[in-house]
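The values are calculated or read from the model by the stated rules, or taken from the named source; none is laboratory data. Predicted model only: the values in this text are computed from it and were never measured. Neighbour counts run over all protein chains shown; Cβ positions are idealised from the backbone, glycine included.
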Amino acid sequence: MEDRTEHWTAAPGLEAWLAQVSAVPDGAWEPMRRAMDPWRQARCARYRREEDRRRCILADALARRALSALTGADPAAIRLEREPSGRLLAPGLGVRFSLSHSGDLVLCAAAPFPVGADVQRFRSLSPALERLARRAGCPPGDPAAFFRWWTRREAAGKLTGAGLSPAPLPEGLRFWDRDLRHGGERYALSLCARGEELSPPALESLPESW
């Protein structure tokens with residue numbers, strides 16, 4: 001996997017990686033696709049747009065890189081599966097992970113405990129998203145506030161398996177939130193884990209512009 005990837009430690013045991021779709025050489029996509037599990041290949045192939053397929057492929061490659069870095073496993077030998085709740089897992093490695101992609105960025109968080117991650121590019125809200133923003137109590141006409149809310153909810157949903165919902169969040173969750181600028185666009189990023197034993201956030205180690 002040849003790309004520009006940022007890695008940082010959000011808290012002891014919680015690692016995160018951020019990669020750029022546009023930085024992957026054209027010749028790297030097919031080898032990355034062939035390295036995927038068949039069901040993941042099929043999932044990526046269902047996307048109609050090439051940019052969506054590429055985000056899906058890079059997310060898979062980034063997960064393998066992250067899991068290999070934490071466990072020493074051969075990336076080519078790592079198998080990915082999906083739980084009934086939709087959460088991804090890598091059997092036998094003892095590490096949980098979460099993936100997200102939006103715009104030019106792909107995010108992976110991994111830890112020895114359940115974790116959720118989400119990244120969203122700021123953009124204009126569709127009528128459906130405007131309705132969701134109103135339900136969530138976000139300020140009218142403020143897409144940035146909505147996508148910050150969305151990333152938190154998505155990260156929590158991936159952690160718990162509950163999906164995106166405006167319902168109150170479960171107690172005991174800790175978040176690491178950050179706004180990013182990349183390629184002239186703005187993004188919101190959120191990581192989520194359980195437990196009071198986790199150290200304070202350390203997302204300041206991730207550059208604001210990248």
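Observations
- Only a single criterion out of (1) within 25 Å of F175 (Cβ to Cβ); (2) in contact (Cβ under 8 Å) with a residue 12 or more places away in the chain; (3) surrounded by fewer than 17 Cβ atoms within 10 Å (Cβ to Cβ); (4) not hydroxyl-bearing (S, T, Y) is not satisfied by P75, namely (1).
- Check on A128, surrounded by fewer than 13 Cβ atoms within 10 Å (Cβ to Cβ) and within 27 Å of R186 (Cβ to Cβ): yes
- Scan of segment 116-163 for residues that are part of a loop (DSSP other than H, G, I, E, B), under 21 Å from G103 (Cβ atoms) and in contact with a helix residue (DSSP H, G or I) (Cβ under 6 Å, 6 or more places away or on another chain), ordered by number: F122, L125, C138
- Failed condition for M36, given (1) closer than 20 Å to W176 by Cβ; (2) surrounded by 18 or more Cβ atoms within 10 Å (Cβ to Cβ): (1)
- In segment 146-167, the residues that are over 22 Å from A110 (Cα atoms) and touching a residue at least 12 places away in the same chain (Cβ under 8 Å): F146, F147, S165, P166
- Residue within segment 66-83 that is out of contact with any Leu (no Cβ under 8 Å at 6 or more places or on another chain), under 23 Å from T151 (Cα atoms), outside any helix (DSSP H, G or I) and not aliphatic (A, V, I, L, M) present: no
- Segment 93-106, subset within 13 Å of C56 (Cβ to Cβ) and of a type in the set (A, V, I, L, M), residue surrounded by the fewest Cβ atoms within 10 Å (Cβ to Cβ): L99
- Near pairs, Cβ below 7 angstrom, 6+ apart or cross-chain, from segment 96-108 (modelled with pLDDT under 95) to any residue that is part of a strand (DSSP E or B) and surrounded by fewer than 24 Cβ atoms within 10 Å (Cβ to Cβ): R96/L89; R96/A111
- Pairs with Cβ under 7 Å, 6+ apart, first in segment 181-208 and under 17 Å from R148 (Cα atoms) and among the hydrophobic types (A, V, I, L, M, F, W, C), second assigned to a helix (DSSP H, G or I) and modelled with pLDDT of 90 or more: A188/F147; A188/R148; A188/T151; L189/T151; L191/A155; C192/A155; C192/A156
- Residue within segment 180-188 that is surrounded by 13 or more Cβ atoms within 10 Å (Cβ to Cβ), within 30 Å of P84 (Cα to Cα) and either in contact with a Cys (Cβ under 6 Å, 6 or more places away or on another chain) or modelled with pLDDT of 90 or more (or both) present: yes
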